[in-house]
Amino acid sequence: MRRQMVAGNWKMHGSRAANQALLAELEMSLKAEWPIDIVVFPPYVYLGDAVRMLEDGRIAVGAQDVCAESGGAFTGQVSAHMLKDVGCSFCLVGHSERRRWYHEEDALVARKFAAALEAGLTPVLCVGETLDEREAKQTEAVIARQLDAVIATHGVGGFARAILAYEPVWAIGTGRTASPEQAQAVHSFLRDRIHLQDAKIARHLRILYGGSVKAGNAAELFSMPDVDGGLVGGASLSAEEFQQICAAAAVRH
Ligand code: 13P
């Protein structure tokens, strides 16, 4: 059985003091014996603080983005090796906010995915359709395109060391969650697509759901057979609510 994972994407929220307080609360409230993996994704500038505060390793630390280049004259960018160097073990790639506001296209996302793997980070590849795309019945075509761009560039092998996250854009920050059945349908479509290339990788690949996951809906989402945990935005900014979401994941393991 795949081990459930709960990941908190803090986006561009908080301050140094607020985020340290949140980390301290999380450390106290998350139970060491829960058989799940927990990761937080603070803003870049607070990654060092997070790594220091979470030294015991119960909660892993990841970055919200990564540069596709390995180093050089790329002002403002942060390489995968630098993230690894400061103690990160994960990074998000292709989050819909990066695709939308910073015009990241599939080919760039595929290069970021490869850069993360090459540096020894676990990439969390985010895919998802907009509301217009869903209403035009394009959901499968869109997420297949986003996934295939990575497979086409680097083969399916990288998914043995990666995580996939389905985040329907219409459910992010809107309070409108995909129903458990909608999430399951897309997750199983994604797993089947990987299965076409490699059955073993497909069986072990963790596929997280993201988009308005809350304490109140986590258990039913996580009860779906192909939903292996959550990528949580807003609700990860409250230690109490994040803890309840982790507790829901720990029940189904
Ligand atoms: P919300 O949980 O705030 O909808 O955000 C989801 C998300 O984008 C996580 O990466």
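The values are calculated or read from the model by the stated rules, or taken from the named source; none is laboratory data. All values derive from a computational prediction rather than experimental measurement. Neighbour counts are summed over all protein chains in view; Cβ atoms, including those assigned to glycine, are modelled from backbone coordinates with ideal geometry. All accessible areas refer to the heavy atoms of the entire protein, side chains included, with ligands and DNA or RNA removed. Shrake-Rupley method; radii C 1.70, N 1.55, O 1.52, S 1.80 Å.
General observations
- Residue check, Glu105 charged (D, E, K, R), touching a Lys or Arg at 6+ places or on another chain (Cβ under 9 Å), over 21 Å from Ser238 (Cα atoms) and without any contact (Cβ under 8 Å) to a residue 24 or more places away in the chain: yes
- Residue count, region 11-56 (criterion: assigned to a loop (DSSP other than H, G, I, E, B) and within 21 Å of Val251 (Cα to Cα)): 7
- The residue of region 216-237 that is nearest to Trp170 (Cα to Cα), among those that are touching a residue at least 24 places away in the same chain (Cβ under 8 Å) and open to solvent by 30 Å² or more (accessible area, probe 1.4 Å), is Gly234.
- Any hit, region 46-60, residues being within 16 Å of the ligand (Cβ to nearest atom) and closer than 26 Å to Gly211 by Cβ: yes
- For region 147-201, the set of residues classified as among the basic types (Lys, Arg) and within 16 Å of the ligand (Cβ to nearest atom) consists of Arg176 only.
- Taken over region 90-99, the criterion of being away from the ligand (no atom under 11 Å from the Cβ) and assigned to a helix (DSSP H, G or I) is satisfied by Arg99 alone.
Yes or no, residue by residue, for (1) in a helix (DSSP H, G or I); (2) over 17 Å from the mean Cα position of the chain (by Cα); (3) at positive phi:
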{"position": "Glu104", "(1), (2), (3)": "no, no, no"}
{"position": "Lys112", "(1), (2), (3)": "yes, no, no"}
{"position": "Leu117", "(1), (2), (3)": "yes, no, no"}
{"position": "Ala141", "(1), (2), (3)": "yes, yes, no"}
{"position": "Asp148", "(1), (2), (3)": "yes, yes, no"}
{"position": "Ile151", "(1), (2), (3)": "yes, yes, no"}
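- Test result for Ala7, small (Gly, Ala, Ser), touching a residue at least 40 places away in the same chain (Cβ under 8 Å) and buried (at least 16 other Cβ atoms within 10 Å of the Cβ): yes
- Of all residues making up region 157-202, the number that are in a helix (DSSP H, G or I) and hydroxyl-bearing (Ser, Thr, Tyr): 1
- Complete set of residues in region 57-89 that are open to solvent by 40 Å² or more (accessible area, probe 1.4 Å), part of a loop (DSSP other than H, G, I, E, B) and either touching a Phe, Trp or Tyr at 6+ places or on another chain (Cβ under 6 Å) or among the charged types (D, E, K, R) (or both): Arg58, Gln64, Glu69
- Within region 129-145, tally of residues that are open to solvent by 10 Å² or more (accessible area, probe 1.4 Å) and within 16 Å of the ligand (Cβ to nearest atom): 3
- Of the residues making up region 195-253, those that are at pLDDT 95 or above and among the charged types (D, E, K, R) are Asp198, Lys200, Arg203, Arg206, Lys214, Glu220, Asp226, Asp228, Glu240, Glu241.
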